[in-house]
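Report on the following structure.
The values are calculated or read from the model by the stated rules, or taken from the named source; none is laboratory data. Bear in mind the structure is a predicted one, so any value in this text is a computation, not a measurement. So basically every Cβ, Gly included, is an ideal-geometry build from the backbone, and we count neighbours across all protein chains shown.
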Amino acid sequence: MPDRAKVTSLEAIEAFRAKLIIYRDKAGRVLDEVSDEVTRTRLWLESDRVAYWQNQIRLRHRELEQRQQELFTAQLSGLLEASQVQQAAVQKARQALRDAEARLQLVKQWNRQYDQRVEPLGRQVEKFRHNLGNELGRAVAWMNELLKTLGEYVEMSPKTAAAPAPPAGDAPESPQKGGAS
């Protein structure tokens with residue numbers, strides 16, 4: 001077993017540690033954005049979309065009543081062509097009302113299913129967030145200790161590499177311990 005460790009670059013370890021920290025921070029921000037988007041989507045479904053489609057139903061119901069009144073007026077006046085145009089307008093308004101009602105039901109269905117569809121994925125996001133915060137935090141701390149230990153080891157190592165070269169006439173010392181041949 002060799003007496004010395006073969007670490008070639010403390011800078012490479014430090015660079016990896018720095019990139020690991022950057023990754024942890026960026027991934028944490030992305031997970032925060034995901035959580036925020038999940039919350040915004042829930043609020044959008046619960047408040048905005050429900051209110052929007054309820055309002056659309058009211059507006060489209062009024063539109064249908066207005067088209068039915070126009071059809072009734074055209075039928076009373078005895079205009080066959082006008083009556084057909086009004087009938088088509090009534091059908092179009094009825095379809096628009098049915099569409100709004102169907103969309104409101106769909107939004108309500110999404111609201112009911114939201115937790116069971118999103119919650120399992122949310123747990124995975126939180127598990128990943130935990131791993132980022134704790135496991136990568138421990139890895140960074142371990143790398144800090146590693147760099148400290150290796151730095152101390154480098155300080156303790158013999159300074160043979162940094163020793164001045166022997167004079168030109170002297171024979172070089174043997175690399176064995178004790179320096180004698």
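Looking at the range 90-98, is at least one residue assigned to a helix (DSSP H, G or I) and touching a residue at least 40 places away in the same chain (Cβ under 8 Å)?
As a first pass, look at the range 90-98 and keep what is assigned to a helix (DSSP H, G or I): 90-98.
Going one step further and asking which of them are touching a residue at least 40 places away in the same chain (Cβ under 8 Å), we end up with 97.
Yes - at least one qualifying residue is present in the range 90-98.
Can Tyr52 be described as under 30 Å from Arg129 (Cα atoms), within 32 Å of the chain's Cα centre (by Cα) and part of a helix (DSSP H, G or I)? Let's see the steps before the verdict.
Working: under 30 Å from Arg129 (Cα atoms): no; within 32 Å of the chain's Cα centre (by Cα): yes; part of a helix (DSSP H, G or I): yes.
Here the answer is no, as Tyr52 does not meet what is asked.
I need the full set of residues from the range 107-149 which are of a type in the set (D, E, K, R) and either within 20 Å of Ala18 (Cα to Cα) or surrounded by 13 or more Cβ atoms within 10 Å (Cβ to Cβ) (or both), in order please.
Lys108, Arg129, Glu135, Arg138, Glu145, Lys148
Thr39 versus (1) among the polar types (S, T, N, Q); (2) over 30 Å from Leu97 (Cβ atoms); (3) surrounded by 15 or more Cβ atoms within 10 Å (Cβ to Cβ): which is the lone unmet condition?
In the conditions (1) among the polar types (S, T, N, Q); (2) over 30 Å from Leu97 (Cβ atoms); (3) surrounded by 15 or more Cβ atoms within 10 Å (Cβ to Cβ), Thr39 misses (3) alone.
Could you grab me the full set of residues in the range 23-62 that are within 21 Å of Ala93 (Cα to Cα) and β-branched (Val, Ile, Thr)?
Val50, Ile57 - these are the residues of the range 23-62 that are within 21 Å of Ala93 (Cα to Cα) and β-branched (Val, Ile, Thr).
Evaluate the range 23-44: report whether one residue or more is closer than 30 Å to Glu152 by Cβ, in a helix (DSSP H, G or I) and of a type outside the set (D, E, K, R).
First, the residues of the range 23-44 that are closer than 30 Å to Glu152 by Cβ: 23-25.
Next cut, in a helix (DSSP H, G or I) only: 23-25.
Retained after the next criterion (residues that are of a type outside the set (D, E, K, R)): 23.
Yes, because at least one residue in the range 23-44 is closer than 30 Å to Glu152 by Cβ, in a helix (DSSP H, G or I) and of a type outside the set (D, E, K, R).
Given the conditions (1) under 19 Å from Val50 (Cα atoms); (2) surrounded by 12 or more Cβ atoms within 10 Å (Cβ to Cβ), and given that Arg94 satisfies all but one, which numbered condition is not satisfied?
Going through the list (1) under 19 Å from Val50 (Cα atoms); (2) surrounded by 12 or more Cβ atoms within 10 Å (Cβ to Cβ), Arg94 breaks only (1).
Mind checking which residues of the range 100-149 are of a type in the set (Asp, Glu) and farther than 24 Å from Val34 by Cα?
Looking only at the range 100-149, we keep the residues that are of a type in the set (Asp, Glu), and these are 101, 115, 119, 126, 135, 145.
Answer for the range 100-149, where residues must be of a type in the set (Asp, Glu) and farther than 24 Å from Val34 by Cα: Glu101, Glu145.
Residue check, Thr8 against (1) exposed (fewer than 14 other Cβ atoms within 10 Å of the Cβ); (2) without any contact (Cβ under 8 Å) to a residue 24 or more places away in the chain; (3) in a helix (DSSP H, G or I), all met but one. Which one?
(3)
Could you go through the range 66-83 and let me know if any residue there is of a type in the set (Val, Ile, Thr) and surrounded by 14 or more Cβ atoms within 10 Å (Cβ to Cβ). Lay out the reasoning, then the answer.
Just the residues of the range 66-83 that are of a type in the set (Val, Ile, Thr), to begin with: 73.
Filter again for surrounded by 14 or more Cβ atoms within 10 Å (Cβ to Cβ), leaving none.
Checked against the condition, which is being of a type in the set (Val, Ile, Thr) and surrounded by 14 or more Cβ atoms within 10 Å (Cβ to Cβ), the range 66-83 yields no hits at all.
Just the residues that are of a type in the set (Ser, Thr, Tyr) and modelled with pLDDT of 50 or more, please, taken from the range 128-173. Break it down into steps so the answer makes sense when it comes.
Step one: list which residues in the range 128-173 are of a type in the set (Ser, Thr, Tyr), which gives 149, 153, 157, 160.
Selection gives Thr149, Tyr153, Ser157.
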